[in-house]
Each structure stands twice: as C-alpha cells, then as structure tokens.
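Peer 1: Before I ask anything, here is the structure I am working with.
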Amino acid sequence: MLTPITIQKIELSIAYTAVYLASEDRTFVIYLSTHSGKLLQQLIAKSPVERPLSFDVILSLITAANLTPIQVLIDNEKEGVFFTKIFLEKKESDHLEMIEIDARPSESLAIAIKFKIPLFITTEVLNNLKNLSQVS
C-alpha cells in the first residue's frame, strides 16, 4: 500500500540538509547533502540560477525523451539510507508506456518539486520509521 507524503520543512546546515517529510500521522527526516538542499530550496522558491546545474541535464533528458513524471515513491530504507523510484509516462500516438527509474532521494525530491507531482512512501517502510515530534 502507498501513503501520500509532503515536504514539511527543509533545514540546511554546513554539513547536511534535513528534509522533513510527513504523512497524515507521521513525520520523518531524510538527510541529504547541503548542495542538494540548496537545489530543493531554489526549486521551491523558483529562483533563477546563474548557470545550468547537473539537475538541469536530467530535466533536459526528460523533456527530450517526451517523458512526463507522474509520481515519486520511497520504496525502501536501510540503516537510514532511503531508496526511491521515479515513475514516468511516455505517450506515443495511441500507446502509453510506464517507466520506472531507480533514483537517489535528492533527485527524486527535486523532480517532484519541479514537476509538482505527488510523493508516496510504502506503508511498510513508513511504519518502520521513527516518528518525529511535530515539526516547528
């Protein structure tokens, strides 16, 4: 089963970024690099960048391949390391193909923000995570 989640807060520090994600009844955190956190904040704020980033290459490939991102799924967690998948659609005339790509959480979250697509986590993974107190 899948549970919808949302990004509640992004906290940057010198050493890492904490991304707080929440379902209806549970909040948890994923730690990313500071660089990844800055990218997520830029995407949320729709800030212009001085020069293209590595992420822009991913966006160009998605567009050039005529793919449409439809959802991101956190499907596993091992010792604090999260595993995600990006699901994309490819439409060609009357044919619809679903594509599933394994990705790091940093890229998956950035894709979700950029394309305004839903985030999900498997209920099994969510139930195994420590529930943080309400994010302030």
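The values are calculated or read from the model by the stated rules, or taken from the named source; none is laboratory data. Keep in mind that what you see is a predicted model, and the values were worked out from it rather than measured. Cβ atoms come from the backbone with ideal geometry, glycine included; neighbour counts cover every protein chain shown.
Peer 1: Going by the structure shown, is ILE70 modelled with pLDDT of 95 or more and closer than 19 Å to ARG26 by Cα?
Peer 2: When the stated conditions are applied, ILE70 does not pass them.
Peer 1: Would you check if LYS114 is surrounded by 18 or more Cβ atoms within 10 Å (Cβ to Cβ), of a type in the set (D, E, K, R), within 17 Å of ILE7 (Cβ to Cβ) and in contact (Cβ under 8 Å) with a residue 24 or more places away in the chain?
Peer 2: Answer is yes for this residue.
Peer 1: So, one more: Scanning for something hydroxyl-bearing (Ser, Thr, Tyr), modelled with pLDDT of 95 or more and either out of contact with any helix residue (DSSP H, G or I) (no Cβ under 8 Å at 6 or more places or on another chain) or over 14 Å from ILE7 (Cα atoms) (or both), does region 48-61 turn up at least one residue?
Peer 2: Among the residues of region 48-61, not one is hydroxyl-bearing (Ser, Thr, Tyr), modelled with pLDDT of 95 or more and either out of contact with any helix residue (DSSP H, G or I) (no Cβ under 8 Å at 6 or more places or on another chain) or over 14 Å from ILE7 (Cα atoms) (or both), which makes the answer no.
Peer 1: Could you list all residues from region 1-38 that are surrounded by fewer than 15 Cβ atoms within 10 Å (Cβ to Cβ) and within 15 Å of SER108 (Cα to Cα)?
Peer 2: PRO4, THR6, SER33, HIS35
Peer 1: For region 24-47, give me the residue count where each residue is at pLDDT 95 or above and in contact with a helix residue (DSSP H, G or I) (Cβ under 6 Å, 6 or more places away or on another chain).
Peer 2: So the count comes out to 2.
Peer 1: Looking at (1) in contact with a helix residue (DSSP H, G or I) (Cβ under 8 Å, 6 or more places away or on another chain); (2) among the small types (Gly, Ala, Ser); (3) over 26 Å from ALA45 (Cα atoms), can you tell me which one SER106 breaks?
Peer 2: Going through the list (1) in contact with a helix residue (DSSP H, G or I) (Cβ under 8 Å, 6 or more places away or on another chain); (2) among the small types (Gly, Ala, Ser); (3) over 26 Å from ALA45 (Cα atoms), SER106 breaks only (3).
Peer 1: Related question: Take the residues of region 1-50 that are acidic (Asp, Glu) and not in a strand (DSSP E or B): which is farthest from the chain's Cα centre (by Cα)?
Peer 2: GLU50
Peer 1: Pairs only if they're at least six apart or on different chains, beta carbon under 9 angstrom, first in region 60-83 and in a helix (DSSP H, G or I), second surrounded by 11 or more Cβ atoms within 10 Å (Cβ to Cβ) and not aliphatic (A, V, I, L, M); list them, first residue then second.
Peer 2: ILE62/THR68; ILE62/PRO69; ILE62/PHE115
Peer 1: Right, here's the next one. Can you name the condition, by its number, that PHE87 falls short on among (1) without any contact (Cβ under 8 Å) to a residue 24 or more places away in the chain; (2) outside any helix (DSSP H, G or I); (3) out of contact with any helix residue (DSSP H, G or I) (no Cβ under 9 Å at 6 or more places or on another chain); (4) surrounded by fewer than 16 Cβ atoms within 10 Å (Cβ to Cβ)?
Peer 2: (4)
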